[in-house]
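Have a look at the structure below before the remarks.
Read-outs: derived from the displayed coordinates by stated rules, not from any lab. Keep in mind that what you see is a predicted model, and the values were worked out from it rather than measured. A quick note on method: Cβ atoms are made from the backbone with ideal geometry, for glycine too, and the neighbour counts reach across all protein chains shown.
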Amino acid sequence: MPRIAVISPPFQSHAQPLSVLAGALSRAGADVTFACAPPFAPLAEAAAAGFVPLTVSRNANTGVARSTRQGVRESERLEEFLSSTREGAVAALLTQSRHRGEDMLAGPEKVLAEVRDLQERLRPDWFVVDQLSYSVTLALHCLGLPFATFCPGHPTYLPNGPEALFGVPYAWPRAVRPAARELAELRQAASGNDLAFTERFAAVARAHAPQVPEPGRAFALASRHAVVFNYPRFPWLPKHEPSGVRFLHGGHCVPPQEKGPGDEWESVLGRLTSAAGRVVLIALGTFLSARDDVLALLIRGILSHCPDVAVVVAAGDAAPALAHFAGPKVHVARVVPQRWLLSRVDAMVHHGGNNSFTECLASATPALILPFSSDQFSIAHDAERARLATCLNPATLTEADAGVAVRDLLERVPEGLPHWSAALRRRGPDWAAGRLLDAMESASGRR
């Protein structure tokens, strides 16, 4: 079995699923080392993988974005992004587009040196790299090292053709339909980023690896051997079909077994179910938990329209601002054991992040999706088309909208949920790891 180095950016929402894949590769017999920023060492330990410290981004998010120690400019960008989500979908996407160069391609020369050093120390046969870690992918390309790509978000984050642009949703849910003028502005910004990233990739490659082929279109640069999508294989998704690349839709990265959070959370659920017959989890992710105004609206809407429902709220740094809601039917926490809770709650309200979406699907949990940014609009569209969830626009959301939507979810399970949940559980991290190792073995034989 090969020695594999799995490189993750220092973001909880990326490192968590990548560490689960690392654990699956380790269970399959590979010698796996997880490389990430030092705070993520416990994820490697949980995956029974080795660990080496490696920080490949100036940004970081160890679980609650605002609480994570980072530079002044990184903190400013985070606040700019959060402010833009109040203005609506295109405003948020345009802000992310403006930040993209600083967020995703910071210090490529430094990363190249660090990856070279990692190769010399560990001598892995293969690397597995997060698709959004563009500096790492570029470094591996320049060094001519074999790697597989892990796509932590929607599959269209890897453009499938010249018209597909990173940062422009391939489709929108019914509740979020930007005007043509807004879409044109977004496409123009995304096209400019596409050209700028591609030119910068080419300049780095010319300077540091003139002997290797040009990297080509930056956002489309990925493994020539295998790409793992942490996503279901919906039949309507745009196809990625370059010759020789195996595209593996692993479905989800929920570990087969996970320790419970302990007696404290059992007590919390016991108290809530005693006060109300059913429990709903509200969690907007590690960045958007800062939108305490939306969290408060959701709490009020659910309590007023669903009298037999209690709520658990993952509030991040907004927990003190929401503490006054705490009571027999409301539990507010900074962080929650989301995957454990999903096997026990009756529904979830989330932002359409890939982990929340696939974890809900794996546990067959009905969901209300409120997409704010990134690939969340594409995911919300797929959830709606597959009849897995209800989708509303957080920019125009009212208490009545939220409460009625949750009440309807609890009364009628979305009709596509049983089918797609069963299909998803037939795949998962062990399925993906086995096929990824097969792809590595086949590619090694061709080299």
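The charge dipole of the chain, taken about the Cα centre with unit charges on the Cβ atoms of Lys, Arg (+1) and Asp, Glu (-1), comes to about 620 debye, rounded to the nearest 20. Quick query: amide H of Ala367 versus all other amide H atoms, modeled in the peptide plane; which residues come in under 5 Å with a sequence gap of 5 or more or a different chain? For Ala367, the qualifying residues are Met348, Thr390.
Taking GluC sites (Glu not before Pro) across the range 245-316, the ones in a DSSP loop with at most 13 further Cβ atoms lying within 10 angstrom of their Cβ are Glu258.
Calculated on C-alpha atoms, the gyration radius of the range 263-425 divided by its Kirkwood radius gives an Rg/Rh of 0.93. Centre-to-centre separation between the Cα atoms of the range 176-209 and those of the range 40-56: 33 Å. Under the criterion of Cα pairs below 8 Å and six or more residues apart, the relative contact order for the range 263-425 equals 23 percent. Suppose the Debye formula is applied to equal point scatterers at every Cα of the range 335-397; what is log10 I(q)/I(0) at q = 0.14 Å⁻¹? Result of the Debye calculation: -0.35. Taking amide H as placed 1.01 Å from N in the peptide plane, Phe229 has its amide H under 5 Å from the amide H of Cys151, Leu248, His249, Gly250, each at least 5 places away in sequence or on another chain.
Close amide-amide hydrogen proximity is noted between Asp130 and Ile7, Phe150, each under 5 Å apart and 5 or more residues distant or on a separate chain (H modeled in the peptide plane; Pro and chain starts excluded). Normalised by the number of residues in the chain, the mean separation of alpha-carbon contacts (under 8 Å, six or more apart) gives a relative contact order of 16 percent.
Rounded to the nearest Hz, the phi-derived 3J(HN,Hα) couplings of the range 222-237 under the Karplus curve 6.51 cos²θ - 1.76 cosθ + 1.60 (θ = phi - 60°) are 8, 4, 7, 10, 7, 10, 9, 9, 7, 6, x, 9, 5, x, 8, 5, where x marks glycine and proline. Computed from backbone phi with θ = phi - 60° and the Karplus coefficients 6.51, -1.76 and 1.60, the 3J(HN,Hα) list for the range 364-369 is 6, 9, x, 9, 9, 9 Hz; x is used for glycine and proline. For the range 73-179, taking Cα atoms only, Rg and Dmax work out to 16.9, 52 Å respectively.
Measuring spread by the Cα atoms of the chain yields a radius of gyration and Dmax of 21.3, 68 Å. Hull volume per residue, based on the alpha-carbon atoms of the range 281-332 and their convex hull, is 60 Å³. Using the Karplus relation 6.51 cos²θ - 1.76 cosθ + 1.60 with θ = phi - 60°, the per-residue 3J(HN,Hα) values for the range 181-194 come to 4, 5, 5, 5, 5, 5, 5, 5, 5, 5, 5, x, 5, 4 Hz, with x marking Gly and Pro. Rounded to the nearest 500, the helix-only mean residue ellipticity at 222 nm of the chain stands at -14500 deg cm²/dmol, with each DSSP H run of n ≥ 4 adding -39,500 (n - 2.57).
Segment Ala275..Arg86, full-extension length gain: 64.7 nm, with 0.36 nm per residue of separation and the alpha-carbon distance subtracted. Taking +1 at the Cβ of each Lys and Arg and -1 at the Cβ of each Asp and Glu, which of Pro152, Ser304, Gly277 sits farthest along the dipole of the chain towards its positive end, judged by Cα position relative to the Cα centre? After comparing all options, I get Pro152.
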